[in-house]
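**Student:** Would you mind keeping the following structure in view while I ask a few things?
The values are calculated or read from the model by the stated rules, or taken from the named source; none is laboratory data. On a predicted model such as this, the values are computed, not experimentally measured, just so you know. Here Cβ is always computed from backbone atoms with ideal geometry, including for glycine, and neighbour counts include all displayed protein chains. Just so you know, the surface numbers come from the protein's heavy atoms only, side chains and all, with ligands and any DNA or RNA stripped out. Shrake-Rupley method; radii C 1.70, N 1.55, O 1.52, S 1.80 Å.
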Amino acid sequence: MSDTSTIEISDTKLERAQYARERETVLTTWPTGKDVEFSRGLVRHSDMPDAKKFSVALARASEEEKTLLQPRAGVALLREHTQLLNDLAPYCDVLPTTVDAYTRHNRYDEAEKGIERSRAAGKSLLNGFPPVNHGVGGCERLVDSVSKPIQVRHGTPDARLMAEITLAAGFSSFEGGGISYNIPYSKNVPLARSIRHWQYCDRLVGLYEEEGIRINREPFGPLTGTLVPPFVSHTVALLEGLLALQQGVKCITLGYGQAGNLAQDIAAMRSLRKLANHYFTLFGFNDYALSTVFHQWMGGFPQDEAKAYSVIALGAAAAKFGGATKIIVKTPHEASGVPTMEANRAGLQATEQMINMIGDQGFLATAEIDEEMALIEREVHSVMDRVILLGQGNLARGAVLAFEAGVVDIPFAPASVNAGLMTPVRDNNGAIRIFDSGNIPLPDDVIALHKDKIAERAAAEGRPASFTMVVDDVRAISASKLVGRPKFAAQL
């Protein structure tokens, strides 16, 4: 059954009374919700120095054409998490709080047991920080104990209580969205429901904005992080950005995950900003602060640390040449488990070195980058036009119907509502192309271009284009290649 048959959504701004009624229920879903006071949150943000405000850091970076560095980090216990962030602070510009998997699925009772086990073991037995369980008081102590802005980074289809607690405590940036934190993360959560829940989160940020408190919102760009064509992640970013603006958000960071081909990655970052300005203005929004974030490689990493540094450095180069406002930095331990603080520091230092060197080289302009930008823009316009048409004035509903029809299709996503018909593969130069477009409404000449690019690779490798190439590509970077070629072809 279609989730739109039981959940009706609009993209109009939630009225204060509607939000307030819903809030009464949200704050009762876990005991720490009773401590949330919006007025207290306003005072905390008002009294907070600019050095701890995410929106200020992003604005200054944009003005100075600087690229901010942000690691990923989160452990179970408050004291240990505070220490981890303070240890990382000298090597980055803005801080994360990566949330544990139980909290991402609203399983707060199991997160509580994880905290207790972690205390008993003397080390974190959760894969992140559980802010809901630590509550407003614990999160306030965290914010007060660090010197830089903190963002909540998670993966939650229903983040309403987490947003209330963390924003009231002084976190000044909140990541995620109703599409990007559902389709790549969950199997059976109705898309209409997650979009509606994230409209609540965005309305909360909008209410802070109405009181003069600017909180940054950042949809999750990489999606599944596996061979995602730029136009697919751009379309989701644009939809989530527009949905946030509709609820009163003013500070938006749109993201993109590294694909590996330098020209395509640079083109993707540059086109993302251009497309965002186009669609935001098209929908009547002019008062917004736009920034971009580049996620270093989200797929499998090489086991060897020296080889992993090359992946990190390539991502840093693409981000800087692409004009990213911020980079989410990976570590040389990505292939072996949860990175240590030392590994995080090493990834940040390697990224900083590359950014500094590229910063002295000016704007990189090539015909290949221009061609990739033009291609991405055509693809995005084709898909967005259909989403807008499906919604008939309701962008939120258009997004739901677009996924049901396969008009928007994220590769390798677990969600049952995702068609899973579109198949990506790399071309002979490692750029991501479309092997099977499924139901995505791309122009015929664009589909032909993709097929021609794939045929060039097939000829170079002496094998027919097939799904085997896709499998080879998924494994390639962890095996120290970009294109997943057969051994005999790689030796030619």
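**Student:** Quick one: accessible area per residue over the chain, 1.4 Å probe, rounded to a whole number of Å²?
**Tutor:** On a per-residue basis, the chain sits at 38 Å².
**Student:** Please report, in whole Å³, the volume per residue of the convex hull around the C-alpha atoms of the range 77-170.
**Tutor:** So the per-residue Cα hull volume is 84 Å³.
**Student:** While we're looking at this one, here's another question. Could you look at the range 92-170 and say what percent of its accessible area is carbon and sulfur, using a 1.4 Å probe and all protein chains?
**Tutor:** C and S fraction of accessible area: 43 percent.
**Student:** Would you calculate the separation in nanometres between label points at V338 and E8, each defined as 7 Å from the Cα along the Cα-to-beta-carbon direction?
**Tutor:** 4.6
**Student:** Based on the alpha-carbon gyration tensor of the range 15-89 and its eigenvalue square roots a ≥ b ≥ c, which shape applies: rounded if a/c is under 1.5, prolate if not and a/b is larger than b/c, or oblate?
**Tutor:** oblate
**Student:** May I ask you to derive the FRET efficiency for K274 and E80 from their Cβ-Cβ distance with R0 = 41 Å, giving the value to the nearest 0.05?
**Tutor:** 0.45
**Student:** Only four residue types carry charge here, +1 at the Cβ of Lys and Arg and -1 at the Cβ of Asp and Glu. Report the dipole size of the chain about the Cα centre in Debye, rounded to the nearest 20. Don't skip to the end; give the middle numbers.
**Tutor:** On the way: 51 positive and 58 negative charges, 158 e Å.
I would put it at about 760 debye.
**Student:** Then there is this: Is the range 400-492 best put as rounded, prolate or oblate by its Cα gyration tensor, with a ≥ b ≥ c the root eigenvalues, rounded for a/c under 1.5, and otherwise prolate when a/b is larger than b/c, oblate when not?
**Tutor:** oblate
**Student:** Which is farthest toward the positive dipole end of the chain among T423, H381, G122, measuring Cα position about the Cα centre, with Cβ charges +1 (Lys, Arg) and -1 (Asp, Glu)?
**Tutor:** Of the options given, the answer is G122.
**Student:** Just how far, in whole angstrom, is the range 84-129 from the range 33-76 if you go by their alpha carbon centroids?
**Tutor:** That distance is 19 Å.
**Student:** Another question, if that's okay. Quick check: at a probe of 1.4 Å, how many percent of the accessible area of the range 342-492 sits on carbon and sulfur atoms?
**Tutor:** Within the range 342-492, the accessible surface is 52 percent carbon and sulfur.
**Student:** For a Förster distance of 41 Å, can you work out the FRET efficiency between the beta-carbons of E22 and S466, rounded to the nearest 0.05? Let's see the in-between values first.
**Tutor:** Working: r = 49 Å, r/R0 = 1.20.
E between E22 and S466, to the nearest 0.05, is 0.25.
**Student:** Also, quick follow-up: Could you compute Rg(Cα) / (2.2 N^0.38 Å) for the range 371-415, with N its residue count?
**Tutor:** Rounded to two decimals, the normalised Rg is 1.25.
**Student:** Okay, moving on. Per the Kirkwood treatment, what hydrodynamic radius in Å, one decimal, follows for the chain from the mean inverse distance over all distinct Cα pairs?
**Tutor:** The answer is 22.8 Å.
**Student:** Given labels modelled 7 Å from the Cα in the Cβ direction, how far is it in nm from D445 to T29?
**Tutor:** Reported label-point gap for D445 and T29 is 4.8 nm.
**Student:** Something else about it: Within the range 1-104, which trypsin sites (Lys or Arg not before Pro) sit in a loop by DSSP and count at most 10 neighbouring Cβ atoms inside 10 Å?
**Tutor:** none
**Student:** Shifting gears a bit: Where a Cα-Cα gap under 23 Å defines reach, which lysines qualify for K66, not counting those fewer than 8 residues away within the same chain?
**Tutor:** K52, K53, K148, K250, K274, K320, K326, K330
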